[in-house]
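Below is one structure, written out as structure tokens; comments come after it.
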Amino acid sequence: MCVKVQEELLILPFDHRGTITEKLMGIKGRQPTEEETKTVAEIKRVIYDGFQLSLAKGVPKEKTGILVDEQFGEGILRDAWAKGFTTACCIEKSGQDEFQFEHDDWKGHIEKVNPTYAKVLVRMNPEGNAEANERTLQRLKILGDYLKKTDRGYLFELIVTATTPQLVQCGNSKEKFDSELRPKLMVQGVKMVQEHGIEPDVWKLEGVDRREDAEALVAQVRAEGRTAGIITLGRGENKDKVREWLKVGATIPGVIGFAVGRTIFWDAVKGYYDKTIDRQKAVEIIAQNYREFVDLWENEKKG
């Protein structure tokens, strides 16, 4: 496998684990039972079927992809690989403040599911705990070296959450932190990762409100001749907010797509789980929502 980053990458991510087991199903403080595991796997299959339906209705396969976990989605990853879809698989342990691998034998698990991209979710603030940041970066460097050696894609999701002093500086306003401090911290975070010799192929980053902030992120991601791209994540925000972020990024060279998950699938899977809508309806809603974001992206790119 040779990594060639797509010119556009419009991902439907459903690698959520705790979000589904805890927030949807109310499973807390324990692992799901065998029956519950089957339920989660079926929910993910509904989302995957929504993705496939959108392709059947005209969404271009070559621009799209899925991101799913091995725990509940191994069968989906195998099916998607067989159908030639772009796939990404998360390899981090769910719900951790400091990055940890899901498995001690993470290399074996990557080789088993054979994704186009190995994806990591990294919660890191450059002004946060320096020791934790250093431990995280050391692990991610080992991963990056392995992926480079084996010609696999590296999809790096960076989430910058406010430290207490930063929040105080913003008058305890998350909105003010998001608009005024977070964009600069994201640029610093990207640079910190690069300075540790870690070179992702694709950066999965939170959206920004201003064009100049998006351009600053691209400038850092592509500093010194790098060719990596940025995809904008949805962060579970409402459709209007995600649309704003995508409109900012779509016309900027270097921002190559999006990864919008809960905004697309949450209401549908909740309705399916609560039995207020049937399976086919849930699949159709997901397909339609995904199609709307793909259309928005393509229309904004055309200007």
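No lab work stands behind these numbers, since they all come straight from the coordinates. On a predicted model such as this, the values are computed, not experimentally measured, just so you know. Cβ atoms come from the backbone with ideal geometry, glycine included; neighbour counts cover every protein chain shown.
Given C-alpha coordinates of the range 71-205, what is the ratio Rg to Rh with the Kirkwood estimate of Rh? With Rg and the Kirkwood Rh in hand, the quotient comes to 1.02.
Each Lys and Arg Cβ is given +1 and each Asp and Glu Cβ -1; about its Cα centre, the range 9-302 then shows a dipole of about 460 debye.
Taking every full run of DSSP H in the chain, the ones that stretch at least 20 Å from end to end by Cα along their long axis and average -0.5 or higher on the Kyte-Doolittle scale are 34-56. Springs join every pair of Cα atoms under 10 Å in this Gaussian network model of the chain, and among LYS119, LYS44, LYS241 the largest mean-square fluctuation is at LYS241.
Per the Debye formula on identical point scatterers at the alpha carbon atoms of the range 9-302, with no solvent, log10 I(q)/I(0) at q = 0.11, 0.12, 0.14, 0.16 Å⁻¹ is -0.64, -0.77, -1.09, -1.44. With the charge dipole of the range 108-255 set up from +1 on Lys and Arg Cβ and -1 on Asp and Glu Cβ about the Cα centre, the Cα lying farthest toward the positive end among the listed residues THR163, ILE230, MET192 is that of ILE230. Cα centroids of the range 99-140 and the range 159-204: 18 Å apart.
Max-minus-min Cα coordinates of the range 38-77 on each principal axis give 30, 14, 11 Å, with the largest extent listed first. Under 16 Å from a point 7 Å along the Cα-to-Cβ line of GLN96: which residues of the range 12-31 have their amide N that close? Residues 17-18 qualify, since their backbone N sits under 16 Å from the label point. Packing here is the average count of other Cβ atoms within 10 Å per residue, and on that basis the peptides 161-170, 62-71, highest first, run 62-71, 161-170.
Restricting the calculation to Cα atoms, the range 150-236 yields a radius of gyration followed by a Dmax of 13.6, 47 Å. Taking the Cα centre of the range 167-303 as reference, the dipole from Cβ charges on Lys and Arg (+1) and Asp and Glu (-1) amounts to some 200 debye.
A Förster distance of 41 Å, applied to the separation of the beta-carbon atoms of GLN31 and GLU292, puts the FRET efficiency at 0.70.
Remark: the range 192-235 carries a charge dipole of roughly 140 debye about the Cα centre, counting +1 on each Lys and Arg Cβ and -1 on each Asp and Glu Cβ.
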